[in-house]
């Protein structure tokens, strides 16, 4: 799922370049990254991403390297190539290209968010959150709720629940149907012994998607704590159906 989100981010950036010409809304700050969407470099990036979506990593790498042959400082090409290498488990190569992408487009929110996600996946939680915060500082980023959600997940993995809660709440303030934020807020509230608040997040999430085994277990425990045996047993019955 995370890889798909990054691919979509890359594709959206490419579409944005095509729609707004060589100077999108501050998508890039470096002149080397204001590439014509129909230039050889950008066309090779698009082909590279398309091949990667079809799981043809060899051709994806070939096209993305060709893009860098044309424009060695093209940040989106470095970011896409990093994603391909990361999917192959070539972490050192991925890190090299992610760092290059940030170097050549230090204020591009898509680039910063992608690198933050890579760092979080590697367990470099505090460093990842720094890049998420840099992403959020860009007023032109259109989906800050996704970055808040990413930061929250990363902070939870670092057992920083209070900070994670702040980011999940920020995500939900923008979009009340962010399911990952709702899920984790239910977990956090239950862990803080706030069953009424946990119940509210569980009910909101239950209207949007099926609850998994973990959250059904939490929901059962929450209702037991609130003394609502009937609803608790309903969650228990749903839980048993999953096993």
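Tell me the residue from 144, 139 that is under 29 Å from residue 115 (Cβ atoms), out of contact with any strand residue (DSSP E or B) (no Cβ under 6 Å at 6 or more places or on another chain) and without any contact (Cβ under 8 Å) to a residue 24 or more places away in the chain, please. Steps first, please.
Numbers: 144 fails: without any contact (Cβ under 8 Å) to a residue 24 or more places away in the chain.
Being under 29 Å from residue 115 (Cβ atoms), out of contact with any strand residue (DSSP E or B) (no Cβ under 6 Å at 6 or more places or on another chain) and without any contact (Cβ under 8 Å) to a residue 24 or more places away in the chain holds for just one of 144, 139, which is 139.
For segment 139-149, give me each residue that is part of a helix (DSSP H, G or I) and surrounded by fewer than 24 Cβ atoms within 10 Å (Cβ to Cβ). Steps first, answer last, please.
Applying the first criterion (part of a helix (DSSP H, G or I)) to segment 139-149 yields 144-149.
Passing the criteria: 144, 145, 146.
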Residues that are surrounded by fewer than 24 Cβ atoms within 10 Å (Cβ to Cβ), over 20 Å from residue 146 (Cα atoms) and in the same structural domain as residue 150 (by TED's automatic domain parsing): does segment 104-119 have at least one? yes
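For the structure I just gave you, tell me whether residue 153 is in contact with a helix residue (DSSP H, G or I) (Cβ under 6 Å, 6 or more places away or on another chain) and either more than 24 Å from residue 108 (Cα to Cα) or assigned by TED's automatic domain parsing to the domain that holds residue 122 (or both).
Values: in contact with a helix residue (DSSP H, G or I) (Cβ under 6 Å, 6 or more places away or on another chain): no; either more than 24 Å from residue 108 (Cα to Cα) or assigned by TED's automatic domain parsing to the domain that holds residue 122 (or both): yes.
Here the answer is no, as residue 153 does not meet what is asked.
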If a residue must be at pLDDT below 95 and within 12 Å of the chain's Cα centre (by Cα), how many such residues does segment 121-134 contain? 1
Just to be sure I understand the filter: pairs with C-beta atoms under 7 Å, separated by 6 or more residues or on different chains, first member in segment 232-243 and without any contact (Cβ under 8 Å) to a residue 60 or more places away in the chain, second member exposed (fewer than 13 other Cβ atoms within 10 Å of the Cβ). Which pairs pass? 239/213; 242/213
So residue 81 ticks every box in (1) modelled with pLDDT of 95 or more; (2) surrounded by fewer than 22 Cβ atoms within 10 Å (Cβ to Cβ) but one. Which box is left unticked? (2)
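The values are calculated or read from the model by the stated rules, or taken from the named source; none is laboratory data. Computed from a predicted structure; not experimentally measured. Virtual Cβ from ideal backbone geometry, glycine too; neighbours counted across all protein chains shown.
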